[in-house]
Every structure is written in structure tokens, then in C-alpha cells.
Amino acid sequence: MQPYYTFHHELTKLRKKIMQLSTMVEERVRMATSVIANPDDEIIQKILVTDYEIDDMEVEIEEDCLKILALHQPVASDLRFIITVIKINNEIERIGDMAVSIALRVKTISECLNSCYPNGQGWMYDYSRMSEKVITMLKMSLDALVNRDAQLARKVFLLDDEVDTMMKDAYDKVRERIKKHPEHPGCLINIYLLARHLERIGDRSTNIAEDVIHLVEGIIVRGQ
């Protein structure tokens, strides 16, 4: 088998694996955001017990990248692609961790609301719009990666500002709620922390978009 053929065969397998990991994580994020509005123990448990699948694939992809670098010593666009995969691989895994954090946070909030407000009078911030924006950011950044679309990647930046504004609104609403009802601050703080987790997914999606632009155009936009 010719080395050139082997090298490009390995690149093709690498692309498929990063796409598979992306699909897995996007599904976990959708599941996690769904339980914010409608807590479901079965879905929460599924998110928690399948997290190892994402961790294992992240390690496998990183090992594949290092093997390709060692054996084939790629240059130019191929080298840039592998470096991008290494960086995005880590971002995607961290997004999976955020989905787990949301699931755990929802479980804690549900237990708190049930114990502190047995009459069902507990309060919950509406995260539906923020969840929708974050999922859109994630999907756009991953689609930009698959299609090597720098223009689509840049659109993610605009949504990041909207998500930051929504997080601030969640903070303001929770703070006002604590002032009026200081008897259960822990539950309310956990409700706000959901905003932090969602915002972090948005930030990681923005990082992916920046890496896609570097892959396609060869320019670094991070921090600009």
C-alpha cells in the first residue's frame, strides 16, 4: 500500500470520527436543554451514564492525530487540518461535559424545588430562548467545520453576544428573586448556574468557529 494512499485514508477516517463525536455531543446538548424545561430522570441518567463514550472517543481521536503527525509528518493544509481537529476535539469534549453539568444541575434543582416548595410554588427561569440560541451556535459551528465554511463560522460570533445578554438577564432575574425570597438562596443560585453552563457551551462553540476560520483561511481570529 502506498504511503500517500494510507495517509489520506487516515485523514478520511479522522474526519468521520470527528463528525461522529460532533453528532454525539450535539445530541447530548439537546437532551440536556430539554430537561431544563421538563425534568426527566431517565434522560438525565442517560446523559450521565453515556458520558464515557464521548471521553473515550475524544482520546481515540487525539491518539489518531498524534499517530498521523508522527508517521506522515504532514505539511500545509493537511497539517492545519490535524491541528484544528486536535483543538476542536477538546472543545467538543468539554461541551459534552457541560451537558453533564446541566443534567446534574437540573437534578439538584428538582430535588430542591420538591423539598423546599412541596406546594409547587417554586420558581424557575425560562431558559428556552437561551437554549435555542446555544444549540443554534453549536450546530452552526459544527456545520461550518464539516463544510469548511468560514462565512457560516463568522455568524456564530453574532449569536455569542445575544447569549451573553441572556445570561445577564438570568443573573438579574435570579438576584431579584433572592432579594424577595431569601429563604432558599441555594436553589436560586443553582438556577442561575444553568445560565453559566449554557453560556460556556456558547463560548466553546465560538472557539470552534474561530478554529474553522483558521483552518479555511489560515488566519487567527481568536481574541480579535
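Each of the peptides 199-211, 170-182, 22-34 was scored by the mean count of other Cβ atoms within 10 Å over its residues; in descending order, highest first, they stand as 199-211, 22-34, 170-182.
Straight-distance candidates among the aspartates and glutamates for linking to K46, with alpha-carbon spacing under 13 Å and chain neighbours fewer than 8 residues away dropped: E27.
Given R₀ = 30 Å, what would the calculated FRET efficiency be for L48 paired with Q151, taking r from the Cβ atoms and rounding to 0.05? So, using R0 = 30 Å, E works out to roughly 0.20. Using mean projected area of the Cα convex hull in nm² as the read-out, say which of (1) 13.3; (2) 13.9; (3) 14.9 was calculated from these coordinates. Here the calculated entry is (1).
Mean separation of Cα pairs under 8 Å and 6 or more residues apart, divided by the residue count, gives the range 110-224 a relative contact order of 36 percent. Within the chain, which cysteines find no other Cys whose Cβ is under 4.7 angstrom from their own? Within the chain, the cysteines lacking a partner Cβ under 4.7 Å are C65, C116. The mean sequence distance of close C-alpha pairs (under 8 Å, at least 6 residues apart), as a share of the length of the chain, puts its relative contact order at 25 percent.
Using the Cβ-Cβ distance between K168 and E62 with R0 set to 41 Å, the FRET efficiency from 1/(1 + (r/R0)^6) comes to roughly 0.70.
Throughout, read-outs are computed from the coordinates displayed, never taken from laboratory work. Nothing here was measured: the structure is a model prediction, and the numbers come from that model. Glycine gets a Cβ as well: all are built from the backbone with ideal geometry, and neighbour counts include every protein chain shown.
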